[in-house]
Amino acid sequence: MGIAIAWEASERGARVILVLGPVEDITVCEGIDISHVVSAEEMAAETMKYFTDCDIAILTAAVADYTPESSSESKIKKKDQEMVIKLKPTIDIAAELGKIKKPGQLLAGFALETDNEQMNAIDKLKRKNLDLIVLNSLKDKGAGFRYDTNKVTLIDKNNIIEKYELKSKSGIATDILNRIETMINK
């Protein structure tokens with residue numbers, strides 16, 4: 001979804017910086033600067049680096065809420081006992097950016113929900129000081145990860161809600177950017 005949005009924004013003439021986690025394949029598009037990252041910490045650092053100078057930030061990555069407290073450089077050998085892995089909260093990139101957002105900046109995020117979807121998305125929008133949230137559900141067939149299609153609901157800070165049917169991710173990217181253009185041209 002992030003790649004589709006980056007392509008659409010570039011086609012519209014925007015200068016795009018795509019902070020991109022590990023992906024199988026990406027065709028580089030002229031006008032898009034790509035910053036490759038592997039970990040949530042790297043993604044947070046890169047995003048923070050560029051945020052202060054941007055007009056619009058669209059956070060599409062599904063960053064894990066927790067990460068292992070420690071890691072090993074080498075293989076952990078199997079033993080005849082249980083292993084416990086301690087987890088710590090991962091930095092909440094959207095919340096951190098919401099805290100430092102300046103007047104005139106637009107911050108959009110995604111909410112992948114499974115229960116009380118719309119209520120949880122609206123709560124996330126408010127808690128993280130977002131201007132727009134894109135709600136998608138794991139319950140929708142053909143939407144989300146590993147598909148070329150998606151089905152979303154857009155909710156803005158004024159509680160204007162628009163639902164979109166299943167369509168290509170490039171079509172959804174167009175819908176999202178059309179909504180953002182409407183918001184900034186008010």
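The values are calculated or read from the model by the stated rules, or taken from the named source; none is laboratory data. Note that the coordinates shown come from a computational prediction; the quantities given were computed from them, not determined experimentally. We place every Cβ from the backbone using ideal geometry, glycine too, and count neighbours over all the protein chains shown.
Annotations for the structure displayed:
- You will find that of Glu165, Glu181, the residue that is part of a loop (DSSP other than H, G, I, E, B), over 28 Å from Glu42 (Cα atoms) and not β-branched (Val, Ile, Thr) is Glu165 and no other.
- Residue list for segment 15-36, restricted to those being surrounded by 17 or more Cβ atoms within 10 Å (Cβ to Cβ) and more than 14 Å from the chain's Cα centre (by Cα): Val16, Ile32
- Candidate set from segment 47-83 (those that are in a loop (DSSP other than H, G, I, E, B) and among the basic types (Lys, Arg)); member that is farthest from Leu18 (Cα to Cα): Lys79
- Qualifying positions in segment 48-74 - over 17 Å from the mean Cα position of the chain (by Cα) and either under 17 Å from Ile184 (Cα atoms) or of a type in the set (D, E, K, R) (or both): Asp53, Glu69, Glu73
- Some residue of segment 126-146 being among the aromatic types (Phe, Trp, Tyr), on the phi < 0 side of the Ramachandran plot and assigned to a strand (DSSP E or B): no
- Looking at Lys128, Lys86, Lys99, just one residue is within 24 Å of Gly21 (Cα to Cα), touching a Gly at 6+ places or on another chain (Cβ under 7 Å), without any contact (Cβ under 8 Å) to a residue 60 or more places away in the chain and among the basic types (Lys, Arg), and that residue is Lys128.
- Residue in segment 171-186 that is under 19 Å from Val16 (Cα atoms) and in contact with a Phe, Trp or Tyr (Cβ under 6 Å, 6 or more places away or on another chain) present: yes
- Qualifying residue in segment 102-120 (condition: of a type in the set (Asp, Glu), under 25 Å from Thr52 (Cα atoms) and either at pLDDT below 95 or part of a loop (DSSP other than H, G, I, E, B) (or both)): no
- Some residue of segment 88-98 being part of a loop (DSSP other than H, G, I, E, B), modelled with pLDDT of 90 or more and touching a strand residue (DSSP E or B) at 6+ places or on another chain (Cβ under 8 Å): yes
- Hits in segment 133-180 (condition: over 17 Å from the mean Cα position of the chain (by Cα) and of a type in the set (Asp, Glu)): Asp140, Glu162, Glu165
- Close Cβ contacts (under 7 Å, 6 or more residues apart or on different chains) running from residues in segment 46-72 that are on the phi < 0 side of the Ramachandran plot to residues that are of a type in the set (Phe, Trp, Tyr) and in a strand (DSSP E or B) comprise Leu59/Phe110; Thr60/Phe110.
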